[in-house]
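The structure under discussion appears below in the form of structure tokens.
The values are calculated or read from the model by the stated rules, or taken from the named source; none is laboratory data. No experiment lies behind these values; they were computed from the predicted model shown. Virtual Cβ from ideal backbone geometry, glycine too; neighbours counted across all protein chains shown.
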Amino acid sequence: MLQVQFIRSNTFRWALAVAAVLAIFIIALFGFIYVKIDHYLIDRSDRMIMTQADFIASLPPEHRPRAIQDHLEQDSRKVQFAGLFDPAGKPLAGNLERVPETLRVNASAQSVKATPNRGEQADPIIRAVGRRLPNGDALVIGRNVDETAEISHVVGEALALGLLPALCLCLLAGAWLSLRAQRRVDEVNQRVQRIIAGDLRERLPHRNVDEPFSRLAVIVNGMLDKMEAMIHALSGVGNDIAHDLRTPLTRARLTLERGRTNARTVEQLQQVVDKAIAGIDQSLAIITSLLRLAEIENSRRSAAFGAVPLHEMLREVCDVYEPIAEDKRVKLSVQIAGELEVRGDRDLLFEAVTNLVDNAIKFTPAGGDVEIGLARGDRQTIVRVSDTGPGIDRGETEAVLRRFYRSDKIRNTPGFGLGLNLVSAIVTLHGFQLVIHPGPGGRVEIICSDRSQD
Amino acid sequence: MTLSVTRHMVSTGVGTRAKDVRAAVEADVMTKVLLIEDDSETAEEITAELTDRGFEVEWSSNGIDGLDKARSLRPDAMIVDRLLPGMDGLTVIEALRNDNDRTPVLVLSALGAVDDRVRGLRMGGDDYLTKPFAVVELIARIEALLRRPVESRETTLRVGSVTLDLIERTATRGERKIDLLPREFRLLEYMMRRSDQLLTRAMLLEEVWNYKFVPATNLVDVHMGRLRHKVDGPDETPMIHNVRGAGFILRSLA
């Protein structure tokens, strides 16, 4: 199984392909070198025998045998061939038995079969020129070019020496890389299987950051971190929802049960039913809030964004909430630095600010102040809602953004702890920032930086 | 004050006026409401409630049948569920509107999405109600649809002894001048255009405050409390009435 996988593995196939290409390339290179050297050597030897033939032909007839003799004696490697033949073809001098049959006289150098008179070697193929001399004699000068065969032998050896190790190296590297990749994949697979099986803390292995596999692992691990946090948050929310829904429903159930037994008149029964309906309404309100939160968090409706004049919007919020603040004997005021606009969804931003103001009024004791502020900071527009209430403890500034989180201090105030989540979701949707300052004194800011408006 | 009187007006228990009575006498046919809703239990509840209040209800459980009935029965108003088997609720409405049928339609939906709501209204729905809803809310909205005020060019509204001057932005009750803040004026104007109708908190929030959501605080009650304080003086007959668990009514007759 592993064998099959190994051969099928992409890495190994690539290694094979690379090895083949490399081999073809090396063979072509050596072939090229061989052909070039061969040509060069034959060319040179051809020029030499031509020069020799011309030289001997230019001598007076009586000096020629002697010159041929000298020429052959100087050749220690026994590669030179020469012959002087009378018009009848009888050898006069040199080491050739007869004029080679295929030799064309008075032409350039050509390959022919020579018949040496010493007979110590089989008839070699040589490069030769033939000359018909003025006195009717025939002159043949030749040279054995077996050297080139030696060169090709050397080239072949070099090829074998170079090519085989290179190919082996390629295959080994390919095999090693593919095995390594496969081991990584197997390892990752094992871990992923564990994650699928429910172990959310499992992470992918990574060694150094420069390796692509490790970089991928780091990226995936980052994603897993985020998902783990989200899943934890979600399951926490699930518990909270269950709890928060159960409370009013239990109350409604008890009310109905007791009403059924105890109610004596229609009026009493109606009272019971009213109480039960109130409990059910509260449960429904929680569900509605949750759905709305999900709706905002999932929406990508920046297409509906437009210019929102914050100064006007904040004045309107103040206008709407003034009577409510007054009822609670809380002073609501608005401080606006100027006419400031941001890009966004007016309804949602209105809802966000409304929520903050609502909270501020709710948690500020009678005689306190709530102030809605609009200010311009360093390339940012700030909407600030501050109050003289208890504020949020330093340790709770993050927790309040959790769904259903309700500070112990406010357990007895109505509400279901989703308000700030909603504000946070709206602010995030706009690319703004929600900053909750620790108490005493509530201070929450929505920071609309100019950058996020692009 | 001008009020639109639909073809067949009935006394809805919320107040009777000469005009209503005359209309009811002229055409002694009950107001016909077509309900297109696939959940039979919900449909039964709505039908029972509407019948109790003097409506004649036709029920259809799918879009195709509903569209047929809408064309043949010519109802005075329709309640259409957004998601229906056979044909989507919005498609039904669109088909009717293409036939130039202007029957007021209340869209019901389990989807609370704002975008969905906007789509529902754009397709020709006149009002939109998200499930789950209180029956009283549904009734109030149907009655509001049946009695939609015509776009009048009148510059003063009169209900009982209260007069509203839309140009001068002033309000008086009898001889007494009522000092109103801009939003209180808007609230009173809305209520006077729909006097003797039950106006639920959700309706007021949507129409007067332009809220697309339900705020945590009882905003409407606080504002209404102030308006009532100004409109109904200590020795005057109260005109603004709180209907417990439902909403408010501005009664023209004490």
task: Kindly check whether there is at least one residue in region A:170-186 that is surrounded by 15 or more Cβ atoms within 10 Å (Cβ to Cβ) and without any contact (Cβ under 8 Å) to a residue 60 or more places away in the chain.
output: yes
message: I'd like to check something: does region B:2-13 contain any residue that is at pLDDT 90 or above and closer than 23 Å to B:M203 by Cα?
response: no
- prompt: Restricting region B:225-254 to residues that are within 14 Å of another protein chain (Cβ to nearest Cβ) and hydrophobic (A, V, I, L, M, F, W, C), which is surrounded by the fewest Cβ atoms within 10 Å (Cβ to Cβ)?
  reply: B:V243
- prompt: Can you tell me how many residues in region B:195-224 are assigned to a loop (DSSP other than H, G, I, E, B), within 12 Å of another protein chain (Cβ to nearest Cβ) and either among the charged types (D, E, K, R) or touching a strand residue (DSSP E or B) at 6+ places or on another chain (Cβ under 7 Å) (or both)?
  reply: 1
query: Is it fair to say A:L401 is within 14 Å of chain B (Cβ to nearest Cβ) and at pLDDT below 85?
result: no
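Yes/no matrix, rows are residues, columns are (1) part of a strand (DSSP E or B); (2) at pLDDT below 80; (3) within 46 Å of the chain's Cα centre (by Cα):
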| site | (1), (2), (3) |
| --- | --- |
| A:L29 | no, no, yes |
| A:R44 | no, no, no |
| A:R64 | no, no, no |
| A:A67 | no, no, no |
| A:L84 | yes, no, no |
| A:G89 | no, no, no |
| A:V99 | no, no, no |
task: Quick one: A:I195 ticks every box in (1) of a type in the set (A, V, I, L, M); (2) modelled with pLDDT under 85; (3) surrounded by 11 or more Cβ atoms within 10 Å (Cβ to Cβ) except a single one, so which number is it?
output: (2)
message: When you check A:R329 against the structure, is it in the same structural domain as A:G431 (by TED's automatic domain parsing), under 27 Å from B:V208 (Cα atoms), under 47 Å from the mean Cα position of the chain (by Cα) and surrounded by fewer than 21 Cβ atoms within 10 Å (Cβ to Cβ), yes or no?
response: no
message: Would you confirm whether or not region A:131-143 contains a residue that is among the hydrophobic types (A, V, I, L, M, F, W, C), under 25 Å from A:V35 (Cα atoms) and in a loop (DSSP other than H, G, I, E, B)?
response: no
- prompt: Out of region A:206-250, which residues are over 20 Å from the mean Cα position of the chain (by Cα) and either hydroxyl-bearing (S, T, Y) or assigned to a loop (DSSP other than H, G, I, E, B) (or both)?
  reply: A:S235, A:T247, A:T250
query: Residues that are in contact with an Asp or Glu (Cβ under 9 Å, 6 or more places away or on another chain) and farther than 15 Å from A:C448 by Cβ: which strands (runs of 3 or more DSSP E) entirely in region A:289-377 hold 2 or more of them?
result: A:331-336, A:369-377
Of all residues making up region A:281-292, the number that are free of Cβ contacts under 8 Å to residues at least 40 places away in the same chain and within 9 Å of another protein chain (Cβ to nearest Cβ): 4
task: Just name the residue that is surrounded by the most Cβ atoms within 10 Å (Cβ to Cβ) out of those in region A:332-345 that are aliphatic (A, V, I, L, M) and more than 14 Å from chain B (Cβ to nearest Cβ).
output: A:V342
message: I'd like the residue in region B:179-202 that is modelled with pLDDT of 90 or more and hydrophobic (A, V, I, L, M, F, W, C) and, out of all such residues, is surrounded by the fewest Cβ atoms within 10 Å (Cβ to Cβ).
response: B:F185
query: Does B:A134 meet the test of being in contact with a strand residue (DSSP E or B) (Cβ under 9 Å, 6 or more places away or on another chain), at pLDDT below 85, among the small types (G, A, S) and under 24 Å from B:R53 (Cβ atoms)?
result: yes
query: In region B:179-189, what count of residues is obtained for those that are in a helix (DSSP H, G or I) and out of contact with any strand residue (DSSP E or B) (no Cβ under 8 Å at 6 or more places or on another chain)?
result: 5
- line: A careful count of residues in region A:346-381 that are facing chain B (nearest Cβ under 9 Å) and out of contact with any strand residue (DSSP E or B) (no Cβ under 7 Å at 6 or more places or on another chain) gives 9
query: In region A:302-313, which residue that is more than 23 Å from A:G373 (Cβ to Cβ) and surrounded by 13 or more Cβ atoms within 10 Å (Cβ to Cβ) is nearest to the other protein chains (Cβ to nearest Cβ)?
result: A:A304
field: Any strands (runs of 3 or more DSSP E) falling wholly within region B:36-111 and containing at least 2 residues that are modelled with pLDDT under 90
entry: B:105-109
- line: Exactly one of A:E295, A:E322, A:E316 is over 32 Å from the mean Cα position of the chain (by Cα), within 13 Å of chain B (Cβ to nearest Cβ), over 27 Å from B:G225 (Cβ atoms) and without any contact (Cβ under 8 Å) to a residue 40 or more places away in the chain, and that residue is A:E295
query: Regarding A:V220, is this residue surrounded by 11 or more Cβ atoms within 10 Å (Cβ to Cβ), over 30 Å from A:A19 (Cβ atoms) and of a type outside the set (S, T, N, Q)?
result: yes
- line: Listed by first then second residue, the pairs whose first member lies in region A:23-42 and is among the β-branched types (V, I, T), whose partner is assigned to a helix (DSSP H, G or I), with beta carbons under 6 Å and at least 6 positions apart or on separate chains, are A:I26/A:L163; A:I37/A:I151
- request: Among the residues of region A:141-155, write down those that are surrounded by 13 or more Cβ atoms within 10 Å (Cβ to Cβ) and of a type in the set (G, A, S).
  value: A:G142, A:S152
Members of region B:225-244 that are touching a residue at least 12 places away in the same chain (Cβ under 8 Å) and in a helix (DSSP H, G or I): B:R226, B:L227, B:R228, B:K230, B:V231
